[in-house]
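Here's the structure we're looking at; comments come further down.
The values are calculated or read from the model by the stated rules, or taken from the named source; none is laboratory data. Bear in mind the structure is a predicted one, so any value in this text is a computation, not a measurement. In this analysis, Cβ positions are derived from the backbone assuming ideal geometry, glycine residues included, and neighbour counts consider all displayed protein chains.
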Amino acid sequence: MRALLGSVKALNGAEAVAYAVKQSNVDVISAYPITPQTIIVERLSEFVANGEIHAEYVNVESEHSALSTCMGAAAAGARTFTATSSQGLALMWELLYVTSGLRLPVVMAVVNRALSAPINIHCDHSDSIGARDSGWIQFYVENSQEAYDTVIQAFKIAEHSDIQLPVMVNLDGFHISHTLENVNILPDQVVSDFVGFRKPANVRVEYLGREVPAVLDGVTPISLGIIALSDYYYEFKMMLVDAIDKVKSVIKEVHNDYLKVSWRGYGDGLIDPYGVDGADIVLVIMGSAAGTVKYVVKKLLESGLRVGVLRLRTFRPFPYEEVVKVLSGVKVIGVMDRATSPGAYGAPLFNELRSALYDLDSRPTVVNFIYGIGGRDLEPLTVKRICEKLLEFGRGVKPASYVEYVGVRR
Amino acid sequence: MSSSINIKELARSKLKLLPGHRHCPGCAAPIIVKLVLATIDEPVVVVNATGCLQVATTIFPYTSWNVPWIHNAFENAAATASGVEAAFKALRKRGVVGDVGVNVIVFGGDGGTYDIGFQSLSGMVERGHNILYVLYDNEAYMNTGIQRSGGTPYGALTTTSPYGTVIPGKPQHKKPIADIMVAHRAAYVATATPAHWVDLINKVRRALSTIGPKFLHVLSPCPRGWRFDESMSIEICRLAVDTCYFPLWEYGGGVWRLTSRSLEIARNPALKKPVEEFVKVQERFRHAVSDDQRIIKELQAYVDAMWEDLLNRCAVRHS
Amino acid sequence: MSESDYIKELPLVPTTVRQSTEVKTGSWRGRRPVINSSRCVRCLICWVYCPESSIVWDGECVRVDYDFCKGCGICYRECPVKAVEMVPEG
């Protein structure tokens, strides 16, 4: 049965993303090259140049224009895709908010890379984590397979009639984007049937006296990108807040539907726990380093220690209810952030997770470990030492600091 | 090409920019939009850069646009329009929309075109999208309260090029944006004013019959920013053309042509008025009039040189 | 804005839901153009130049839609036969 469901290809993460886009009935692709995202746009260019897909590829002069082009195309009813990294995402910044504000279901792959200065091409999550308040749904994947699966799911989630929000699929620069793996590829028709074609949402327009698709069709006079002042702006923002709160159930639903066609799943679609049940200590992490952590944790479990890993698949929406549920009863939690937030008390994942746990009757000890900045390796030995530390805290040793930077020389 | 224009039919055609917009009295921008859109058949999509036009026409819950319209941000109207055009191409390929071509029209002010939006405009033209970009040029950032732009003329006062004791008004000349579009090998480039409305309509028609990126540079007098009586907007366009401050020309198929009043002036140079005629009716140049004429002389010299240059380009091609 | 005018069901995608023809900008006006129809030659130059689209041509007569006219006076200045007069608003 399983063998009938497609084939196995040796792909790196960037190619896996491109392949998913190829199969997802995308109408317009617009992107600007940046390391380490480039493989995605090179492959997509090839698919378009060879007529393998019907999509228009718009080769723009900047990331700002890449997202703008996708926005214009999405507003005209197209399914759109773009990809970027680091500085490119930073250049799009202004438009991240406009995309979600206009409720345009653009899907973007972000190949995570450190932000300048100093300039650096390697992985950390500072680029996308900084965009956490922009109203985009954010996934962080662990490997190429998940990158492939998540891009396909992203179109369905973004375009869901209750949601209509852009989705960012984050994959670690080089660790995932450039690492060759065996990736299970679904048959074209299975993916096409799963994602269908873009069906724009309707809006009710008083002067037309009816509901119309919120799309620039050339004929129906709708106005998108209007100005709303203090009398309505807040309500529009509230609708966005409410919409992203609904996303969790949609992610679970789409994840479950995908499980049925692919036989592949990642936890409940929001969180992916490993060994968390009955654990004394748990490490919380996002992205490719979860693999390293699982490797260490597996060995520790084998040695009889009660250690678990909780990988967050989504950071936006932040799955606080799910996290609280699986972590209640755990005494010590280490939160692994791959981003810095200079001047803050710890990095964003730590902050949000600790805040979510605050209302528990018996609060755990939560310590932040910031790692992997600018592509610095996270070695198994480092993870092992972190686990040992957490076990000590579990035995009553008070942490000297609740925010630790690991793997840095100073 | 210039088939006759039936004004009585135009005046009874569907209004694509509705009244009730919040432009200042006497603003030329809505005149330009009305005339351009009256010339354009549906299906059409209008893309608007941030600016007076966008703000004055779409304060929620009200819109003045009776055609499909989108505003994205300040500097990306050309890129947004590129996406709209690409979407129609892709949707046509999979049979969602018919074969009738959609007219994609951009309206951008001088800030969104000369300055912050220049890069995305350059990209749009370089890629060859089939889009008509209309620049309504009121020669400063009027929406934010009259700050200088790349389109502000030499010597003009704005709130960021004030009349200082050291620097009297804007020290730089207006950027030759339409020339730059010609240098981009745009398919069609023209200048126009709402006063010369037959010329404007004919240029929109020629633009629409040309495949590829088209650029129309339209002078848009601003009573508030230029400081003149709000009934004067059209008259000031005439003075701009009569003084050759803003000559009317078009470029297409490798040929430069003077049009309308500017062609008459070229044929009869006695019609050319001194630039002071244009300057003296606007308070933004009040210091230039009251001062020692140095600013007017510099402006006149620049206008003369640009006009000579244009005459050469048009004449060379005609010979 | 009165509470009764408030739009309770906002569109999911932020689009405007009403047309600006509900916004009577005529209240801005300090002076009004009055067309002398016996002098008017129906050339419709006033229609061409009106920024408010408030010159209405019904096929026979040219009139001003005072709901929207802001009184800028362009029609007064541009009328080739001087058929428009500007009158201060009471």
Kindly list the number of the only condition in (1) of a type in the set (Gly, Ala, Ser); (2) in a loop (DSSP other than H, G, I, E, B); (3) free of Cβ contacts under 8 Å to residues at least 40 places away in the same chain; (4) in contact with a Pro (Cβ under 9 Å, 6 or more places away or on another chain) that fails for B:GLY95.
(4)
Would you confirm whether any residue within region A:221-238 is among the aliphatic types (A, V, I, L, M) and more than 12 Å from chain B (Cβ to nearest Cβ)?
yes
Suppose we keep only residues that are more than 20 Å from B:LEU219 (Cα to Cα) and either in contact with a helix residue (DSSP H, G or I) (Cβ under 8 Å, 6 or more places away or on another chain) or among the acidic types (Asp, Glu) (or both) within region B:272-293. Which one would you say is surrounded by the fewest Cβ atoms within 10 Å (Cβ to Cβ)?
B:ASP292
Considering region C:1-42, residues that are in contact (Cβ under 8 Å) with a residue 12 or more places away in the chain and among the charged types (D, E, K, R), and then whichever is farthest from A:ALA158 (Cα to Cα), we arrive at C:ARG39
Flagged in region A:23-43 as farther than 20 Å from A:LEU91 by Cβ and within 14 Å of chain B (Cβ to nearest Cβ), in numbering order, are A:SER24, A:ASN25, A:VAL26, A:ASP27
For region B:111-122, which residues satisfy the criterion of being crowded, with 24+ Cβ neighbours inside 10 Å and within 13 Å of another protein chain (Cβ to nearest Cβ)?
B:GLY112, B:GLY117, B:SER120, B:LEU121
Please go through region A:55-79 and give me each residue that is more than 7 Å from every other protein chain (Cβ to nearest Cβ), within 17 Å of A:PRO213 (Cα to Cα) and of a type outside the set (Gly, Ala, Ser), ordered by number.
A:ARG79
What residue, among those in region B:58-82 that are closer than 30 Å to A:ALA55 by Cβ and part of a loop (DSSP other than H, G, I, E, B), is farthest from the other protein chains (Cβ to nearest Cβ)?
B:PHE74
Checking the structure you have, find out if any residue of region B:153-165 is of a type in the set (Ser, Thr, Tyr), under 19 Å from B:ALA73 (Cα atoms) and buried (at least 20 other Cβ atoms within 10 Å of the Cβ).
no
So A:PRO200 passes all but one of these: (1) buried (at least 19 other Cβ atoms within 10 Å of the Cβ); (2) within 14 Å of chain B (Cβ to nearest Cβ); (3) more than 30 Å from B:ASN143 (Cα to Cα); (4) touching a Ser or Thr at 6+ places or on another chain (Cβ under 9 Å). Which condition number does it fail?
(4)
Considering only region B:100-110, I want to know if a residue exists there that is crowded, with 24+ Cβ neighbours inside 10 Å and either within 8 Å of another protein chain (Cβ to nearest Cβ) or without any contact (Cβ under 8 Å) to a residue 12 or more places away in the chain (or both).
yes
Among the residues in region C:14-30, are any more than 10 Å from chain B (Cβ to nearest Cβ) and in a loop (DSSP other than H, G, I, E, B)?
no
Here the qualifying pairs (Cβ atoms under 6 Å; residues six or more apart or on different chains; first in region A:311-328 and without any contact (Cβ under 8 Å) to a residue 60 or more places away in the chain; second in a helix (DSSP H, G or I)) come out as A:PHE318/A:GLU352; A:TYR320/A:ALA356; A:VAL323/A:ALA356; A:VAL324/A:ALA356
Checking A:ASN182 against (1) assigned to a strand (DSSP E or B); (2) within 13 Å of the chain's Cα centre (by Cα); (3) more than 30 Å from B:ILE70 (Cβ to Cβ), which single condition isn't satisfied?
(2)
Members of region B:83-95 found to be out of contact with any Phe, Trp or Tyr (no Cβ under 8 Å at 6 or more places or on another chain) and at the interface with chain A (Cβ under 7 Å from one of its Cβ atoms), listed by number:
B:GLY83, B:VAL84, B:ALA86, B:ALA87, B:PHE88, B:LYS89, B:ALA90, B:LEU91, B:LYS93
Tally of residues being buried (at least 19 other Cβ atoms within 10 Å of the Cβ), in contact with a Cys (Cβ under 9 Å, 6 or more places away or on another chain) and not small (Gly, Ala, Ser) across region C:53-77:
9
Complete set of residues in region A:357-410 that are surrounded by 14 or more Cβ atoms within 10 Å (Cβ to Cβ), of a type in the set (Gly, Ala, Ser) and under 16 Å from A:ASP337 (Cα atoms)
A:GLY372, A:GLY374, A:GLY375, A:GLY407
Of the residues A:TYR320, A:TYR295, which is farther than 26 Å from A:GLY374 by Cβ and of a type in the set (Ser, Thr, Tyr)?
A:TYR320
Going through region B:179-212 one residue at a time, which ones are of a type in the set (Val, Ile, Thr), in a loop (DSSP other than H, G, I, E, B) and within 29 Å of B:MET232 (Cα to Cα)?
B:THR193
Residue set A:ASP188, A:ASP277; condition more than 9 Å from every other protein chain (Cβ to nearest Cβ) and either modelled with pLDDT under 95 or more than 30 Å from A:THR38 (Cα to Cα) (or both); output residue A:ASP277
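One line per residue, one yes/no per condition, for (1) more than 21 Å from B:THR63 (Cα to Cα); (2) in contact (Cβ under 8 Å) with a residue 12 or more places away in the chain; (3) of a type in the set (Ser, Thr, Tyr); (4) assigned to a helix (DSSP H, G or I):
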| residue | (1), (2), (3), (4) |
| --- | --- |
| C:CYS46 | yes, yes, no, yes |
| C:SER53 | no, yes, yes, no |
| C:ARG63 | yes, yes, no, no |
| C:CYS69 | no, yes, no, no |
| C:ARG77 | yes, no, no, yes |
Scanning region A:269-285 residue by residue, those out of contact with any His (no Cβ under 7 Å at 6 or more places or on another chain) and either charged (D, E, K, R) or in a loop (DSSP other than H, G, I, E, B) (or both) turn out to be A:LEU270, A:ASP272, A:GLY275, A:VAL276, A:ASP277, A:GLY278, A:ALA279, A:ASP280
I need a count of the residues in region B:19-55 that are assigned to a loop (DSSP other than H, G, I, E, B) and either surrounded by fewer than 23 Cβ atoms within 10 Å (Cβ to Cβ) or not hydrophobic (A, V, I, L, M, F, W, C) (or both).
15
